[in-house]
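The values are calculated or read from the model by the stated rules, or taken from the named source; none is laboratory data. Values in this document were obtained by computation on a predicted structure and should not be read as measured data. When we count neighbours, we look across all protein chains shown, and the Cβ atoms used for this are built from the backbone with ideal geometry, even at glycine. Side chains are part of the model used for accessible areas, which takes the heavy atoms of the whole protein and leaves out ligands, DNA and RNA. Shrake-Rupley method; radii C 1.70, N 1.55, O 1.52, S 1.80 Å.
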Amino acid sequence: MDALQNFSNLFLATLKEGDYVGFTFFIGSMAMLASTVFFFVQMTNVSGKWKDSLLISGMITGIAAVHYFYMRSFWAENGTSPTSFRYIDWILTVPLMCVEFYLILKAFGATVSLLWKMIGYSLLMLIAGYLGETVYRDQSVLWGFISTIGYVGILYEVWLGSAKKLAGNSNDPALQGAFKTLGWFVLVGWAIYPIGYMAIPGGWLDGVLPLESLDIIYNIGDAVNKIGFGLVIYSLAVSSAK
Ligand SMILES: *C/C=C(C)/C=C/C=C(C)/C=C/C1=C(C)CCCC1(C)C
């Protein structure tokens, strides 16, 4: 009975009126859930190789949905940021976004080693960010810098490196357009996160942005990047030549 009670608290803790940060967790949960249904249903409608891409899109928002249900309750119960769960979510979903790039470019020669390189960069980015935000808060600027090296690595691959060259090999304008858009997600959409990170005490924007803005910024970032990213893949899947 106790276990059942604990379990229901994890998912069902009640938000208070006027808790705007909590509201964004709630909206995040619903948006991720709805998108997951959408991607999984559309998976059955798209042709051949695109099924895998839509499966991954649904996995990304599905993993995020479960985390958001949990994080919403964590916030409602404790009134503190569910930082560890956020990073657990990211460490699962960001590598899956690298898999999306790989799947799109596979027909144009993307190798598994490119995939691992991008996953490696994302792990560096997220592990360093986690350490700076939790274990070594005093040195959050240093860890933020190390994390940024991983971020720049991903940006390099997508905008200048081998991923970009492979996309250039394609003669499908739909693919090239979608790849460009995904690149903008990584450049602009993902830049939302370091801005949130800088709002923590001791960070460069400490005092400029209120601390509560951290969760709001991360919640908006996740919705834009996970759902938006998946929608770009979906529209590529329905418009691409083959
Ligand atoms: C769905 C979740 C996504 C796309 C998460 C992306 C997260 C980042 C791009 C985080 C980047 C960070 C830095 C570049 C420096 C400061 C620490 C981080 C982890 C917030």
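Some observations on this one:
- Restricting attention to segment 90-116 and to residues that are farther than 13 Å from residue 166 by Cα and either of a type in the set (Gly, Ala, Ser) or touching a residue at least 40 places away in the same chain (Cβ under 8 Å) (or both), the residue that is farthest from the ligand (Cβ to nearest atom) turns out to be 113.
- Restricting attention to segment 176-197, the residues that are surrounded by 18 or more Cβ atoms within 10 Å (Cβ to Cβ) and over 24 Å from residue 90 (Cβ atoms) add up to 0.
- Any hit, segment 129-144, residues being closer than 30 Å to residue 111 by Cβ and within 10 Å of the ligand (Cβ to nearest atom): yes
- For residue 52, the conditions (1) more than 16 Å from the chain's Cα centre (by Cα); (2) open to solvent by less than 50 Å² (accessible area, probe 1.4 Å); (3) not aliphatic (A, V, I, L, M) are fulfilled apart from (2).
- Scanning segment 131-175 for residues that are open to solvent by 40 Å² or more (accessible area, probe 1.4 Å) and in contact with a Ser or Thr (Cβ under 8 Å, 6 or more places away or on another chain) returns a single hit, 134.
- Within segment 209-242, the residues that satisfy the criterion of being closer than 15 Å to residue 81 by Cβ, touching a Ser or Thr at 6+ places or on another chain (Cβ under 9 Å) and assigned to a helix (DSSP H, G or I) are 214, 215, 216, 218, 219, 220, 222.
To keep it simple, each residue is scored yes or no on (1) touching a residue at least 24 places away in the same chain (Cβ under 8 Å); (2) open to solvent by 70 Å² or more (accessible area, probe 1.4 Å); (3) of a type in the set (D, E, K, R).
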position	(1), (2), (3)
17	no, yes, yes
34	no, no, no
42	yes, no, no
70	yes, no, no
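- Of the helices (runs of 4 or more DSSP H) lying entirely inside segment 1-114, those containing at least 2 residues that are modelled with pLDDT of 95 or more are 20-43, 50-78, 83-106.
- Of all residues in segment 117-129, those satisfying the criterion of being free of Cβ contacts under 8 Å to residues at least 40 places away in the same chain and either open to solvent by 20 Å² or more (accessible area, probe 1.4 Å) or hydrophobic (A, V, I, L, M, F, W, C) (or both) are 119, 120, 121, 123, 124, 125, 126, 127, 128.
- Top-ranked residue in segment 160-198 [being part of a helix (DSSP H, G or I) and of a type in the set (S, T, N, Q); ranked as nearest to the ligand (Cβ to nearest atom)]: 181
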